[in-house]
Structures are given as C-alpha cells and as structure tokens.
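The values are calculated or read from the model by the stated rules, or taken from the named source; none is laboratory data. Since this is a predicted model, take the numbers as computed values, not measurements. Don't worry about glycine lacking a Cβ; one is built from the backbone with ideal geometry, like all the others, and counts go over all protein chains shown.
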Amino acid sequence: MGNKHLRWAETPYAGEKEPPTDPVTPSAGMWPTFFIQKNKEGNYLDPNGHKIELPITSPNQIDFDKELITVQRTLENLTPDQKKIGIYYGTGVPTKQWTPVIDRLVDTYGVSPTYAARILAVVQAAINDTMIIVWDLKYRWDVARPDQYDQTLKTLLCTPRFPAYPSGHATMSGCTQVVLSYFFPREATKLKKIAEDNALSRLYAGVHFPADNEEGLRLGRHIGSIIIHHLETQSRNGSPPIDRPFRDFNNAKIFPDQYQQFIPFPFPNTCTSLLMGMEEIDTGNVRTKKGCFSINLLSSNDNDMDRLPIVLQNKKGEYLLATGAIGQKDCFQTVFFCIEKIDEGNGCVSLSLLRPNREFAFEKCKVDPTSIVDELIHTRYCITVDLDCFCAIQCLDPQLVNSNRGRA
C-alpha cells in the first residue's frame, strides 16, 4: 500500500502561517531541452527517439514520516565538517559549485579552445535537461519539505521555495559527475565524491529527505549515461568519433579548499522559515559562550579580521545599524563593520564602523545594502554588541574596504 505524502503547495513552512504562494519557476518542466525530448503523451525520449523509463521511485512508495526522523537526527548531531559541507554546496544555485570544477579540469588538462567549448556546452546542456526533468517531477508530485512535515524544525540553510522530490542538487550532480567522467575518466573517483557530497549536503542543510538525494543521484546518473551513449556515436562524415577522452591522470585539484567558495558572493538573507540560531551553527571557528559567532568568518588568516567587512541581521532580517561621529558635521550611519576584538567568554564582539561611500536609507532594510556600495572606509568609531541578539552574519568582499584606517 502506498503512502500519502504531504503536499508542498498545501502546507506552511516551519515558522510560517500559510502555505507557500511564491513557487520558483513552476513551469520550468515544460522548457525546451537539448538531448532529452518529451512527446505529446508526456514520455521522455532519448536522442534516438526511444522511450526512457526514469529510474526513480514514486513518492507514494516512500515513507516520508520515517525519512523525517533521519533529518531530525542529522540536524541534532551535525559535525562541524558536515555543517561546512551543507553551507558550501547549499550556497547559490546547484550549478555554482560545479562551475569551478569544470574550469579547473579544462585548465589542468590543457584542453583546446574548441574542445573546451564543446565540453562546456555538453555539460551545461545535460544539466539543463536534467533540471527540466527534475522540475517536471517536483511540481507533478508536489512533495513537501522536511520543515513542512515538522513545523518546529530549524534548518541549517533556508528551505527553497519549491517542492522537495527529487533533489535538484543531487540529480544534476549525478548527471554532471557521469558526463565529466566521460571526458576525464581518470578523475571519475573524485567527481563521484563531489557528487555524493553535494547530494548529502542537502540532508545536512535540513532541506531534503534522504530519499530526495538518493533517488536524485540515481536519476541524474541515468540521464548522464543516456547522453554519453549519444556522444559516443557522434562523428563528422563517417570519421572517427569527435570525443577523445583524456586518459592521462593529471590529478586536477577540484576539491574545495576547506569548503571556501571558489566564487564568493554576498547573497542577501531573506529567509522566512525557521533557521538554526548562532548557538546552533558551529563550524569549528570562532566560539562564543553559546556556540559559534560566524560561519567560516576568519577563513584562513586570523590577521585579516580587520579587513573582512560584515553585516549582521536579527531574526526579523533587520540589519544592525550604528551611527558614527555623533554630534559632528560628518555624522553617518552604517550597517557595515569590521571585527576588532572577540570576547569569547561573554559572547560579545567589538566592531569598527565602516563608512559607505554612498548614502541611502536604511529604514526597514527593504534594500539590500550590499548591492549598493562599492567602497567602505575604515573609521575610528567602534561599538560592542551581544552576539545573542543576532542570528545571521554575512561576510563581504575584503576588497571593498579602504586600507587607510581611521581616515574618516
């Protein structure tokens, strides 16, 4: 007998009162594809027109209540490394962490310009087709997220605004792993590791059930295999196949360095569902009396703290706002700071105020300030804050900070 799963479109997220009304690209399952086609009956076809049987279990055969127990236990027992993995792969869109992998492989193996273009085109076209199939299944099955099953669940990352099953990260990672392994077969073991870490990261983040990831990986690898079989037949006017995979092993450095972003970006924090507080997010970096102040805040060099601009937000998403040069003509307000000193015992931090080079209204924080300024100036003004009052920290590009300390 099948199980009747909760519907994403009918169930509020944890911390919210109403079901979601802001689905992300719900019609993407009908977008054009490159390799995989879809007939009028709704069946998927391979490049030769043969019907594809998608290797994925119907959600009606999955016990999501049982799956939820695994999610809950995972979040309760996350290790610092698991949290780093969850944050690393969960930052940005699913393709974000694969893009530098492709680039590093191309550079390491000295791929020619035209062949690099082919590799990029094939991989991205395969990802496109995979994500379209995933979106078709997501909105067709409409499976709720873990924090819809458990209205008290606090996740490591914000839960995406679209159905859960299958996981987009897992499915596209499975496909990408297989396609890249076709071009770079000696890197296959490492690519498999990246795909599996990417899939597991969604469980660590608390935004997916194990089945979302396991079934997604299986589906993605199947799609990738179909595309590879097609590539192996491609030739020009009866000549040998176009592709000549790289058989040497150049040991490309494709793993993330301590799970630091290859391409960092200051994403705004606009989450409305429940998240872990600071005291629950401990990635083994700077500890306060209740847990961890920041996620990878010090990156690799403690001496660079005063060059790392940050913004802080409370549970309502409001930015910490401070005033400098009070009572003077050059009085200013800012939401940008640098860390001067951390008092781990009391859970406090001393912050120096960074003066933005542009003025704008901070009221109600309806505008993301990180998207407006292009330079931050060190000042001599400081404040001390209690970290228990804040639940989110955002690290910005150090190059924003003017190096002339105390000039303002």
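Criterion applied to Gly345, Gly324 was being more than 28 Å from the chain's Cα centre (by Cα) and modelled with pLDDT under 75, and the one residue passing it is Gly345. Those residues that are in contact (Cβ under 8 Å) with a residue 40 or more places away in the chain, farther than 30 Å from Trp8 by Cβ and touching a Ser or Thr at 6+ places or on another chain (Cβ under 7 Å), I need them from the stretch 189-245; list them, please. Scanning the stretch 189-245 gives Leu191, Ile242. Of all residues in the stretch 25-62 being exposed (fewer than 12 other Cβ atoms within 10 Å of the Cβ) and acidic (Asp, Glu), which is nearest to the chain's Cα centre (by Cα)? Checked the stretch 25-62; the qualifying residue nearest to the chain's Cα centre (by Cα) is Glu53. Residue-level analysis places Asn48 among those that are part of a loop (DSSP other than H, G, I, E, B) and polar (S, T, N, Q). In the set (1) closer than 24 Å to Ser273 by Cα; (2) buried (at least 18 other Cβ atoms within 10 Å of the Cβ), the condition left unmet by Tyr109 is number (1).
The criterion of being touching a Pro at 6+ places or on another chain (Cβ under 6 Å) and of a type in the set (A, V, I, L, M, F, W, C) holds for Trp8. In the stretch 13-32, the residues that are assigned to a loop (DSSP other than H, G, I, E, B) reach residues that are acidic (Asp, Glu) and surrounded by 12 or more Cβ atoms within 10 Å (Cβ to Cβ) with C-beta atoms within less than 6 angstrom, at least six apart or across chains, in these pairs: Tyr13/Asp147; Ala14/Asp147. Of the conditions (1) at pLDDT 80 or above; (2) outside the structural domain of Tyr89 (by TED's automatic domain parsing), Glu214 fails just one. Which one is it? Glu214 satisfies every listed condition except (2). For the stretch 161-188, residues that are surrounded by fewer than 23 Cβ atoms within 10 Å (Cβ to Cβ), touching a residue at least 24 places away in the same chain (Cβ under 8 Å) and in contact with a Gly (Cβ under 9 Å, 6 or more places away or on another chain) total 2. Just one of (1) hydroxyl-bearing (Ser, Thr, Tyr); (2) part of a helix (DSSP H, G or I); (3) in contact with an Asp or Glu (Cβ under 6 Å, 6 or more places away or on another chain) fails for Thr159. It is (2). When we screen Glu18, Glu41 for residues that are of a type outside the set (A, V, I, L, M) and at pLDDT 95 or above, the only hit is Glu18.
Being in the same structural domain as Ala170 (by TED's automatic domain parsing), assigned to a helix (DSSP H, G or I) and within 22 Å of the chain's Cα centre (by Cα) is the requirement here; does Val123 meet it? So Val123 passes the test. Residue-level check: of (1) touching a strand residue (DSSP E or B) at 6+ places or on another chain (Cβ under 8 Å); (2) at positive phi; (3) of a type outside the set (Phe, Trp, Tyr), Pro266 misses just (2).
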